Amino acid sequence: GESVGLHLPTLSVQEGDNSIINCAYSNSASDYFIWYKQESGKGPQFIIDIRSNMDKRQGQRVTVLLNKTVKHLSLQIAATQPGDSAVYFCAEIRDTGRRALTFGSGTRLQVQP
Amino acid sequence: DGGITQSPKYLFRKEGQNVTLSCEQNLNHDAMYWYRQDPGQGLRLIYYSQIVNDFQKGDIAEGYSVSREKKESFPLTVTSAQKNPTAFYLCASSTVGTGRNEQFFGPGTRLTVL
């Protein structure tokens, strides 16, 4: 079946560095791609989304890049802080029909002080 | 404060018992969802509802049941037919409409079968 997945299970970075979390997807029919952050024992928190007809979208300290040619999504976090330590999930959703999220398996980001 | 609440936070169940997990939202959202999360994995969709009195099966609905009698509430029952129910259960809600993608998640219920 079609799925959304991630390349690396764990990413360790130094505080202040930039972080890049990658995601590969296989469902080319998705309309939106979304990044969620999940802290231990808590529910996921929305970070940013990007429509399938866009290549890049920026938020506060975060940038999402979408490469439809290779079906690749990335989340860039600038000046990573200890509070950014969490598991990050990419997810995809369609505009029509079942409007529920399909999640990847997650990447754990560890920020070293 | 607006948000989603789930209760209980921790739940222990004996084999063969049915248990019901509560999910309530005061965000006036039409759509509500139940996901299951196993350790080190992403979320998988159990059931979803886009309007009161209507709900649809997700990818792993076997052994679960839901109801949507009120807009604010979407309880999930884990039945004895669910072979491996120990997991972290997350409820979410959202508005319904093109381009509105943010699903708000509750704090989760951790279910353990003894």
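Once C-alpha pairs closer than 8 Å and six or more residues apart are averaged by separation and normalised to the residue number of segment A:21-113, the relative contact order reads 31 percent. Loop-located trypsin sites (Lys or Arg not before Pro) in segment A:13-105 (DSSP state other than H, G, I, E, B) with a sparse environment of at most 12 neighbouring Cβ atoms within 10 Å are absent.
A cut-off of 5 Å between modelled amide H atoms, ignoring neighbours fewer than 5 places along the same chain, links A:Leu109 with A:Leu11, A:Ala86, A:Val87, A:Tyr88. When +1 charges are put on Lys and Arg Cβ atoms and -1 charges on Asp and Glu Cβ atoms, the dipole computed for the protein assembly as shown relative to its Cα centre reaches about 240 debye.
For the pair segment A:17-66 and segment B:2-52, the centres of their Cα atoms are 23 angstrom apart. Judged by a Cβ-Cβ distance under 4.7 Å, the protein assembly as shown has no unpaired cysteines; every Cys finds a partner.
Around A:Ile77, what is the net charge, scoring Lys/Arg as +1 and Asp/Glu as -1 over all other residues with Cβ under 12 Å from its Cβ?
-1
Near A:Thr107, once Lys and Arg are set to +1 and Asp and Glu to -1 for all other residues with Cβ below 15 Å from its Cβ, the sum equals 0. When each of A:Trp35, B:Trp34 is scored by the number of other beta-carbon atoms lying within 10 Å, the sequence from fewest to most is A:Trp35, B:Trp34. Which of B:Thr20, B:Pro107, B:Pro39 sits farthest toward the positive end of the charge dipole of chain B, with +1 on the Cβ of Lys and Arg and -1 on the Cβ of Asp and Glu? The residue sitting most towards the positive pole is B:Pro39. Would segment A:22-100 count as rounded, prolate or oblate if I go by the C-alpha gyration tensor, calling it rounded below 1.5 in a/c and otherwise prolate when a/b exceeds b/c, oblate otherwise? Note, shape of segment A:22-100 comes out oblate. Among the lysines of the protein assembly as shown, pairs at least eight places apart or on separate chains and with Cα atoms under 26 Å apart come to 22.
Please report the relative contact order for chain B, taking Cα pairs under 8 Å with a sequence separation of at least 6, and give it as a percent rounded to a whole number.
35
Of the residues B:Lys9, B:Lys57, the one with the fewest other Cβ atoms within 10 Å heads the list, and the complete ranking is B:Lys9, B:Lys57.
Taken together, the values in this text are just the output of simple stated rules run on the coordinates, not laboratory data. Keep in mind that what you see is a predicted model, and the values were worked out from it rather than measured. We place every Cβ from the backbone using ideal geometry, glycine too, and count neighbours over all the protein chains shown.
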